[in-house]
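Comments concern the structure below.
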Amino acid sequence: MTLLSPILIVPAAAALLCLVVPWRRMMEGLNIVAFAVSLGLGVGLLHAVQAPPCVVTECGEFFRADALSAWMVLLITVVSLGTSLYAGRYFRRDLAAGAVSAWQVKEFFVLTPLFTAGMLLVVLANNMGVMWFALEATALSSVLLVALYNRNTSLEAAWKYVILGSLGLALALFGTVFTYAAAVDKNSTNLPSFNWSHLMAMAGQLDPRMIKLAFVFVLVGYGTKAGLAPMHTWLPDAHSEAPSPTSAMLSGVSLKVALYALLRFHILTTACLGSPFSRHMLLAFGLGSMFLAAPFILVQTNLKRLLAYSSLEHVGLICVGVGLNSPVTIFGALLHMGYHALTKPVLFFAAGNIHQTCHTLQMRLMGSGLVKVLPLTALCMGLAAVSAMGLPPFGLFFSEMTVLSGGFASGHTFVSTLVLMALLAAFCGILYQLTRILAGSPKVTRQTDARAFDGVPAMGFMLGTLAVFSVWLPAPLLGLMERAGHIIGGAQ
Amino acid sequence: MHPIQSELATQWITLLAAGMLVIQLLMVVQGMLLTNIRLFALQSLMLAAIAAIIAYFHNATHVYWVAGLTLVGKVFFLPWLLNRIVRRIQIHQEIEPLLNSTASMLLCGAFTLLGYVVARPFTSLEQLGNNTLGIAITLLLTGFFLMFNRRKAITQVLALLTVENGVMLAAVALTTYGMPLVVELGIFFDVLVAVMVLGILVYRIRETFASMDVDKLSQLKG
């Protein structure tokens, strides 16, 4: 059965249909159905990549999925589905408040499936050039989403995002070209292959100096898109100015898709050089991001910027997990990707509800006692925040513990201690900031919101999934992650 | 291929690549916006010529496609589009750089040196031309500099496009035949869409801020 092309075609077709459909309800429905179908196909892929030969290829190896790609497909589709569940109600309220026009809502429902399709192409492409232009396509579709509100701040955020993103992608293209050049065989006139499967097979024959240079370019390039410090400056701006559903997608999966691209190059570089060169770089950038994020979380005044910096910290931890390179830490990093993808959207959805009720994102102006004003939203946000801080019973606790214990066990005491310190700082920051706005009694009198259930289905869906998978990982999923861990670890 | 022919192709490619670098340096010192757009078109024309020479001497049909696309897209369409945007929003022609032209020129000299130093270990890998990789890296560095030095939205788009030209030069210099057609096509359309998206943003920024100065985009901090 063909699986890979339908996964891509379904969201792309939904985008085209939304372009011609005049009714908003129908666009919402189309989005939801498309992502639900993709998620179903993703689950099918989950089973398909576990059967030998553990790789699914299509269209003459143009598309290729192994366990790592299948894992990413699941994350992308689940976050997109949650977002589409939330977006309908969110924009209905925005339309009622006159914050957006019908045309802008249409723009959202057309661009979001395109954004998702782009991300899916990144993880399913076998060709690293195709992977590059798919990433560029995600950047271009999301930049218009960031600018959706057309405020002067959102234009500023969009401009920074597109300029920094394009510069990063230009660097990544240099890296891609260098990798391609490393595969050129001088004695033959055949065009070298751009395919990952082919490059991995001939990893030992690639020119090591060229691969090293390529990895540096790719790290800075895709690292910009993944929001690694110090190339992260677009990230808090774009996340805070985008509509909340888009912020959820950017933070929940888009960062990790860029990270996935970086990981593919890391795998190739390690296979070629046989040295810890690339993982040391990942480790350094990961730690740097974690330490940069912590103080910004502590002093942040804007709710969505706070969440954005928290994402920066989590992406840093994922990089550290891969950089430590023991099977346990890599498994922890993959687990962390998944749990973070389920947690962060809930926080952004709740922030969206708060934004629409309080008409501000400044936590000082919100005041305390949101639990009285928006009880259900505050409850969901509180639960998701408990998860984001890394407290049990939620999954991020287990994944952080896995990375830390793996780090200590493999003898990286110093690095693991640093990670622990950064995690503690972020923990204090989020706890301090969010209790200030959620708990207590309201000082500012606000009209109690009649539609208290807005966004609750979406938040409930994500939180429910998170809660289930936090305590119970089904065997196929566990097997998938172990296999993906082997792929990253070089399958020694 | 005949050795003399190969020698001729190498010389032409080296000459044209050097021409691209010279044009990049002219863009650094040139203050008029419309002239800058024309210079970019000329630079792209040289890139297209390099691709055409490769296609001719190596009998590689798909590289003709690359040359044709560069010609249509980067020499005619994008400069026309940028010209239209500039005329439509009637901005000042003169661009005020942060650094004056003498300092910029010196700095770009240093960038060129740096580009050659970085490329030096890899000269043995170059398939075509001499030092083309060095020129490609220099185009990247000076493109970055252009972006920081000129604080206007349109010039940042132009700087981005010159970096893109640098990548394409690296691709043809290092790999004889350039990249597979599907990748070239993908990159080509991405660049076109990117410039259109940037154009949309420039219009909106112009409407909202009544200016194209990116220095005005400074409300988001921390």
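The values are calculated or read from the model by the stated rules, or taken from the named source; none is laboratory data. The shown structure was predicted, so the numbers you read here are calculated from the model rather than taken from an experiment. Cβ sites come from the backbone with ideal geometry, for glycine too, and all protein chains shown count toward neighbours.
Conditions (1) farther than 19 Å from A:Val143 by Cα; (2) at the interface with chain A (Cβ under 7 Å from one of its Cβ atoms); (3) touching a His at 6+ places or on another chain (Cβ under 6 Å); (4) at pLDDT 85 or above, marked per residue:
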| position | (1), (2), (3), (4) |
| --- | --- |
| B:Tyr177 | yes, yes, no, no |
| B:Pro180 | yes, yes, no, no |
| B:Leu185 | yes, no, no, no |
| B:Ala194 | no, yes, no, yes |
| B:Leu198 | no, yes, no, yes |
| B:Tyr203 | no, no, no, no |
| B:Ser211 | yes, no, no, no |
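A:Leu135 passes all but one of (1) touching a Pro at 6+ places or on another chain (Cβ under 9 Å); (2) surrounded by 23 or more Cβ atoms within 10 Å (Cβ to Cβ); which number fails?
(1)
Is it the case that region B:146-154 has a residue that's in contact with a Gly (Cβ under 7 Å, 6 or more places away or on another chain) and either in contact (Cβ under 8 Å) with a residue 12 or more places away in the chain or part of a helix (DSSP H, G or I) (or both)?
no
Quick test of your reading of the structure: B:Leu169 fulfils all but one of (1) modelled with pLDDT of 85 or more; (2) farther than 25 Å from B:Leu201 by Cα; (3) at the interface with another protein chain (Cβ under 8 Å from one of its Cβ atoms). Name the failing condition by number.
Just one mismatch for B:Leu169, condition (3).
Need the failing condition index for B:Val182 against (1) surrounded by fewer than 16 Cβ atoms within 10 Å (Cβ to Cβ); (2) under 14 Å from B:Val66 (Cα atoms); (3) in contact with a Lys or Arg (Cβ under 8 Å, 6 or more places away or on another chain), just the number.
Among (1) surrounded by fewer than 16 Cβ atoms within 10 Å (Cβ to Cβ); (2) under 14 Å from B:Val66 (Cα atoms); (3) in contact with a Lys or Arg (Cβ under 8 Å, 6 or more places away or on another chain), the lone unmet condition for B:Val182 is (3).
Select, from A:Trp196, A:Trp234, the only residue that is under 22 Å from A:Trp71 (Cα atoms), within 14 Å of chain B (Cβ to nearest Cβ) and of a type outside the set (A, V, I, L, M).
Working: A:Trp234 fails: under 22 Å from A:Trp71 (Cα atoms).
Just a single option satisfies the conditions, and that option is A:Trp196.
Is it fair to say B:Thr162 is crowded, with 19+ Cβ neighbours inside 10 Å, modelled with pLDDT under 85 and among the hydroxyl-bearing types (Ser, Thr, Tyr)? Walk me through how you get there before you give the answer.
Details: crowded, with 19+ Cβ neighbours inside 10 Å: yes; modelled with pLDDT under 85: no; among the hydroxyl-bearing types (Ser, Thr, Tyr): yes.
Answer is no for this residue.
Given the structure, is A:Val123 free of Cβ contacts under 8 Å to residues at least 60 places away in the same chain, closer than 30 Å to A:Gly490 by Cα and among the β-branched types (Val, Ile, Thr)? Write out each step before concluding.
Details: free of Cβ contacts under 8 Å to residues at least 60 places away in the same chain: no; closer than 30 Å to A:Gly490 by Cα: yes; among the β-branched types (Val, Ile, Thr): yes.
So A:Val123 fails the test.
Given the criterion in contact with a Lys or Arg (Cβ under 9 Å, 6 or more places away or on another chain), closer than 26 Å to A:Met210 by Cα and within 10 Å of chain B (Cβ to nearest Cβ), identify the matching residue among A:Leu124, A:Leu155, A:Leu135, A:Leu167.
The match here is A:Leu135.
Go over the candidates A:Val415, A:Val419, A:Val371 one by one and state the one that is within 22 Å of the chain's Cα centre (by Cα) and surrounded by 14 or more Cβ atoms within 10 Å (Cβ to Cβ). First the steps, then the outcome.
Details: A:Val415 fails: within 22 Å of the chain's Cα centre (by Cα); A:Val371 fails: within 22 Å of the chain's Cα centre (by Cα).
Matching residue, one of A:Val415, A:Val419, A:Val371: A:Val419.
Which of the residues that make up region A:218-231 are more than 11 Å from A:Gly168 (Cα to Cα) and buried (at least 24 other Cβ atoms within 10 Å of the Cβ)? Break it down stepwise before answering.
Taking region A:218-231 and keeping what is more than 11 Å from A:Gly168 (Cα to Cα), we get A:228-230.
Hit for region A:218-231 is A:Leu228, nothing else.
Can you find even one residue in region A:280-296 that is within 24 Å of A:Thr138 (Cα to Cα), crowded, with 23+ Cβ neighbours inside 10 Å and within 16 Å of the chain's Cα centre (by Cα)?
yes
Residues are listed down the side, and each one gets a yes or a no for (1) out of contact with any Leu (no Cβ under 8 Å at 6 or more places or on another chain); (2) aromatic (Phe, Trp, Tyr); (3) surrounded by 15 or more Cβ atoms within 10 Å (Cβ to Cβ); (4) closer than 17 Å to B:Phe144 by Cα:
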| residue | (1), (2), (3), (4) |
| --- | --- |
| B:Leu21 | no, no, yes, yes |
| B:Met27 | no, no, yes, yes |
| B:Leu47 | no, no, yes, no |
| B:Asn59 | yes, no, no, no |
| B:Pro97 | yes, no, yes, yes |
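Return only the number of the condition from (1) surrounded by 22 or more Cβ atoms within 10 Å (Cβ to Cβ); (2) within 7 Å of chain A (Cβ to nearest Cβ) that B:Ile137 does not satisfy.
Condition (2) is where B:Ile137 drops out.
Take the conditions among the polar types (S, T, N, Q), more than 30 Å from A:Ser275 (Cα to Cα) and part of a helix (DSSP H, G or I) and apply them to A:Thr357. Does it pass? Spell out how you get there, then give the answer.
Working: among the polar types (S, T, N, Q): yes; more than 30 Å from A:Ser275 (Cα to Cα): yes; part of a helix (DSSP H, G or I): yes.
So A:Thr357 passes the test.
Being among the β-branched types (Val, Ile, Thr) and in contact (Cβ under 8 Å) with a residue 12 or more places away in the chain is the filter here, so list the residues in region A:301-360 that pass it. Lay out the reasoning, then the answer.
First, pick out the residues of region A:301-360 that are among the β-branched types (Val, Ile, Thr): A:301, A:315, A:318, A:320, A:322, A:328-330, A:343, A:346, A:354, A:357, A:360.
Result: A:Thr301, A:Val315, A:Ile318, A:Val320, A:Val322, A:Val328, A:Thr329, A:Ile330, A:Thr343, A:Val346, A:Ile354, A:Thr357.
Looking only at region A:170-182, count how many residues are more than 9 Å from chain B (Cβ to nearest Cβ) and either surrounded by fewer than 23 Cβ atoms within 10 Å (Cβ to Cβ) or modelled with pLDDT under 85 (or both).
Initial filter on region A:170-182 (more than 9 Å from chain B (Cβ to nearest Cβ)): A:172, A:175, A:179.
From what's left, either surrounded by fewer than 23 Cβ atoms within 10 Å (Cβ to Cβ) or modelled with pLDDT under 85 (or both): none.
So the count comes out to 0.
Suppose we keep only residues that are under 13 Å from A:Leu140 (Cα atoms) and among the polar types (S, T, N, Q) within region A:103-125. Which one would you say is surrounded by the most Cβ atoms within 10 Å (Cβ to Cβ)?
Ranking the candidates gives A:Thr116 first.
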